[in-house]
Amino acid sequence: MSRFKMSKFRHTESRPSRREAWISDIRAGTTASCGSHIKSSCHLIAFNSDRPGVLGIVPLESQGKDKRQVTYLGCHSDLVTDLDFSPFDDFLLATGSADRTVKLWRLPASGQALPSVPGLVLGPEPVQVEVLHFHPTADGVMASAAGTAVKVWDVAKQQALTELAAHGDLVQAAVWSRDGALLGTICKDKQLRIFDPRAKPGASQSTEAHKNGKDGRLAWMGIQEHLVSTGFNQMREREVKVWDTRHFSSALASLTLDTSPGSLMPLLDPDSGLLILAGKGESRLSCYEVLPQQPALSPVTQCLLESVLRGAALVPRRALAIMNCEVLRVLQLSNTAIVPVSYHVPRKAVEFHEDLFPDTAGCVPASDPHAWWAGSNQQVQKVSLHPAHRPHPSFTSCLVPPMEPSPDAAQPAETPVGDMDPSEGFSSPLSSLASPSTPSSLGPSLSSTSGIGTSPSQRSLQSLLGPSSKFRHAQGTVLHRDSHITNLKGLNLTTPGESDGFCANRLRVAVPLLSSGGQVAVLELQKPGRLPDTALPTLQNGAAVTDLAWDPFDPYRLAVGGEDARIRLWRVPPEGLKEVLTTPEAVLTGHTEKIYSLRFHPLAADLLASSSYDLTIRIWDLQARAEQLRLQGHRDQIFSLAWSPSGQHLATVCKDGYLRVYEPRGGPEPLQEAPGPEGARGARVVWVCDGQCLLVSGFDSRSERQLLLYPAEALAGGPLAVLGLDVAPSTLLPSYDPDTSLVLLTGKGDTRVFLYELLPEAPFFLECNSFTSTDPHKGFILLPKTECDVREVEFARCLRLRQTSLEPVAFRLPRVRKEFFQDDVFPDTVVSWEPVLNAKAWLGGANGQPRLISLQPPGMSPVSQAPREAPARRVPSSAIYLEEKSDQQKKEELLNAMVAKLGNREDPLPQDSFEGLACPPATSSLTCRCHLLEAPGVPPPPPPNPPHTPHISPFNWKMALGLGTPCPKSPGFLWALGTSMASGPCCNSCGLSAPLLSMGLAAFSQLPASMWSQGHESGVGREWGVCSTFLGWSQPELTLPSTFSHYVPCHLACCSTSSQEPWGLAPARPFGAAPVSGARDQLPSSSGLKPGEREHYRADGPIKGGEGEPLRYWPEYTLDVFSN
């Protein structure tokens, strides 16, 4: 700073908000991208969630005292890499993704449902989109960066106005100057470039920004000629530089910070010149004032954060608390919360300070894309931030029209709590548009009887943008580790590309091993767990394995193809492989070169097709163990072959670039032939859409993986649709489910599984949520339909082969009414384990139809026949609140409700069916179980002796509590176990007290005697100034076991008053009881034990009883909480 002029921001204070103002209980996630992972408009906040392709949406300001609710928008089939709000329309959001598309979303106002489909889609790009930035003056102009390319879009026309000259490496930032005339980019090749997109596609200026190409960022200042960059120097130190485009050879100012590895995100407010430096993975925000006239970077203040920063964003100045002198507000994204951090300039007078808040850009655009591209430099009109000049003019972009209000928009949305599935965790549909590579259909949208409603506005968008799959919300989940097979060793990961790498049926999985002799391990799926470190019993094939397949009609027969051109048939014992097998059941010889693929016939028993390097396909009768048919016509390597669902035709795809269809019984030459994928790196073929179409996965001439859909009856006409996916070296392996028309696609070494619903008509491909894993898999196959858990709406179960383990992956569909059988998801399925005819009959020309069975479990009704009930109001009528009730009436109502809940004393209790700490997924009540480890009142044994658990008789129970005589003032009192562990007098008349076993309300003693020994009831006591919940009393004269179980309904598990915070089911540590066995410290009153948690306490010394009572010892006990 100059010594003659002091900065008005020199006393700026950073004020992290209190926890009450945090947006907590979120599921934030970060990806390895150039984005900041969170953005804010004047009304909404959008952030990356922990699920790929899903954003969290939350209001910027809370409405009254209501807590802000986070909803989740499923916007892409892969990771969201960057996002940006329109500077003019607070509800218009653009998202870029690793799925190579840019989508624009019209977000609704608070309380309305999020859209299920985007308003516009741009792309696809050759690689994933890295950066998005709306134009600051023209509505409908946006810049995007993908790889080395930067495009300027006319969003309304969905076409690029220009594509800037290619950069030397990955573009890490692309930012418009404030007047919208120039575009600055920073690249991994260390160069900072300035473009004038309307003048020429090449850079007008460029210079070396930072010596290290790691994670550079860029921000323009309020003055057009100046900008700020962040990056790393040659010593890997983070640095900040200020640049002047008029003197671009060197930086005006430079500041070196530290050697932290996290990239610096520059959050620059052009009106004030304040710069926030937010480092990813750090717990600190640094504020500087940028003074290009000096030039200098002057430090202002630092803010220490409570949690690690994952992303950060500035709130627009129009949304700041002006009268509180709030000059900046930063939103910090952590793993579980969004924390607002405010920057205030202390001023004495509570008034509008014009020096702190100059006029800022309004929200009405100055031009449209056509005018801007023609050369218009008109600027956005500025508005005053003075509260007296509000509200400012609003603007709604025509890029995505506003959603039509639903007829019920005037009433608050009321979703029945009982209809929500807590295991899903999504407040809005995880939808995505039909693949952008395919033309949109104007036909009616696909309907569903899932019970998930669709608003009229969503239906109108779907009618414009085409149908969406009812499986678009599909969620792939790796099942619990208890179902994994681990400690796999010596896997053969070099099987040919034509093979899936391993195979499985409903009982077993066969995995080739790397050891010599072509060994194959056979693992039992019904016996998961860790495999022994010793060698496994295997099948000694005698030659390297090229492909293997289980007989669909004989689960104990395995066909293995080898490099010695032989096919060996192995029979695995029903009890599993217990020893090494060296002699196969049969050996098929005939091929002259090594085997490519093996495929069993889908309907006929003992019929096998094989392809070989000798360019032939041979069909074998396994009963006769002889070749019956031979197909010819291939001129190069056969990549794949597949039987049609009817078993009458056979399709192949070949390295010579052709797709062929054979009718094996009609002749050796192909029935049809057509060009297939252009690339020669590998391909797969599968019959889809009830045999009407052929799906081919392969590569184009640029080595991009793609899908081609052909009509089975007219291959010569070319593919119906072509869908480009990504660039990767491995061939996509399709697994098709004929019941749902879903295809799962992944490659060896991939971490992502694509899901598409296939249609025989436009738009052909309907994109669904993909499954992403943290590490690459070596194989991925689909299990039979009968292995799915229908009750959990699991429509597909797969096996994922990793380097050292085998884990099942379940694909489920979130449905509201899961108590009903989802008959729209589970049509009758083929009995694939029973043959329709034998090999001899098929070879003789016979055909057959498979038998179908229903997957409906017993006791479940179809959802199509479920009654459609109107949602019940959750808010009680006002009469309930206005009605005055006495304390006695409230007590009676409470006791009557609990008696009705308990029912017959002979009935089993809900918690009796639980063992250990297993918690069911749905929680309707809680059980608190106290285990006494030492007899109360008995001095603890010497330290070497372990705790003991004697049976507590009525006598020693009373003596332990010092109750040899009844209470002198209340002879009929009862003792109760209290969850709050509050201590106090046993009644209002005497001074006896007990820390753990304390007296309940007098009303409890009025219960019938039949209830006393049951030990299950609940009530609320306010005898000692706290909100205490007492559970399970027992008459002292009755025999008591050493373990007590106490049942608490959810609506009584916590209670609160105007003067006390809620108490949960966790005890505060009382009267010298110390936690042992690694227990937690004393819990605050607002927390509680959750299902599956345990507290363990033990007294440190003697505890004094009531007045006149002798010393007695606190019993050691543990407290478990179960969910019923």
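The values are calculated or read from the model by the stated rules, or taken from the named source; none is laboratory data. As the structure is a prediction and not an experimental result, all values here were calculated from the model. When we count neighbours, we look across all protein chains shown, and the Cβ atoms used for this are built from the backbone with ideal geometry, even at glycine. Just so you know, the surface numbers come from the protein's heavy atoms only, side chains and all, with ligands and any DNA or RNA stripped out. Shrake-Rupley method; radii C 1.70, N 1.55, O 1.52, S 1.80 Å.
What the table shows:
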| quantity | calculated |
| --- | --- |
| Using alpha carbons only: equivalent-ellipsoid semi-axes of segment 13-168, gyration tensor based, whole Å | 28, 16, 15 |
| Share of carbon and sulfur in the accessible heavy-atom surface of segment 470-588 [1.4 Å probe, %] | 50 |
| Extreme residue, positive dipole direction of segment 475-830, given options A624, A510, C693 (C-beta unit charges) | A510 |
| Distance from segment 585-611 to segment 32-48 (C-alpha centre basis), Å | 55 |
| Carbon + sulfur, % of accessible area of segment 598-664 - ligands and nucleic acids excluded, 1.4 Å | 39 |
| Percent of Cα-Cα distances greater than 27 Å, calculated over segment 544-703 | 24 |
| Accessible area of Y556 in the full protein assembly, 1.4 Å probe (Å², nearest 10) | 70 |
| P(r), alpha carbons of segment 278-384 - 5 Å bins starting at zero, rounded % | 2, 10, 15, 15, 17, 16, 13, 8, 4, 1 |
| Sequence of E669, E713 when ordered by accessible area, the most exposed leading, probe 1.4 angstrom | E713, E669 |
| Evaluated at q = 0.08, 0.11, 0.12, 0.14 Å⁻¹: base-10 log I(q)/I(0), Debye formula over Cα of segment 475-830 | -0.37, -0.73, -0.88, -1.23 |
| Euclidean distance between Cα centres, segment 187-241 to segment 662-730, Å | 46 |
| Accessible surface, 1.4 Å probe, highest first, among residues K241, K840 | K840, K241 |
| Surface per residue (accessible, 1.4 Å probe) for segment 27-361, Å² | 33 |
| For segment 810-824, Karplus couplings with θ = phi - 60° (6.51, -1.76, 1.60), whole Hz, Gly/Pro x | 9, 9, 10, 10, x, 10, 6, 9, 6, 6, 9, 6, 7, 6, 7 |
| Residues with amide H under 5 Å from that of E326, placed H, sequence gap 5 or more | A321 |
| Accessible surface of segment 27-361 [probe 1.4 Å, protein heavy atoms]: carbon and sulfur percent | 47 |
| Segment 720-812: C-alpha gyration tensor shape, a/c 1.5 cut-off, then a/b vs b/c | oblate |
| Net length gained if the chain between R791 and Q865 were fully extended (0.36 nm per residue, minus Cα distance) | 25.0 nm |
| Relative contact order of segment 475-830, defined on C-alpha pairs under 8 angstrom at six or more residues apart (%) | 12 |
| Listed peptides 766-774, 377-385, 134-142 by packing density, highest first (mean Cβ within 10 Å) | 134-142, 766-774, 377-385 |
| Three-way shape label, segment 181-301, alpha-carbon gyration tensor, a/c 1.5 | oblate |
| Mean accessible surface per residue for segment 475-830, computed with a 1.4 Å probe while every protein chain stays in place, in Å² | 36 |
| Gyration tensor verdict on segment 106-202 (Cα atoms; rounded if a/c is under 1.5, prolate if a/b is larger than b/c, oblate otherwise) | prolate |
| Directionally averaged projected area (convex hull, Cα atoms, segment 27-361), nm² | 16.5 |
| Relative contact order for segment 199-258, counting Cα pairs under 8 Å that sit 6 or more residues apart, in percent | 26 |
| Heavy atoms of S741 accessible to a 1.4 Å probe, total area in Å² rounded to 10 | 30 |
| Segment 27-361, relative contact order in percent, only Cα pairs under 8 angstrom and at least six apart counted | 10 |
| Across K188/K241; K67/K103; K190/K241, pairs whose alpha-carbon gap is larger than 23 Å | K67/K103 |
| List R800, R51, R817, ordered by accessible area with a 1.4 Å probe, largest first | R51, R817, R800 |
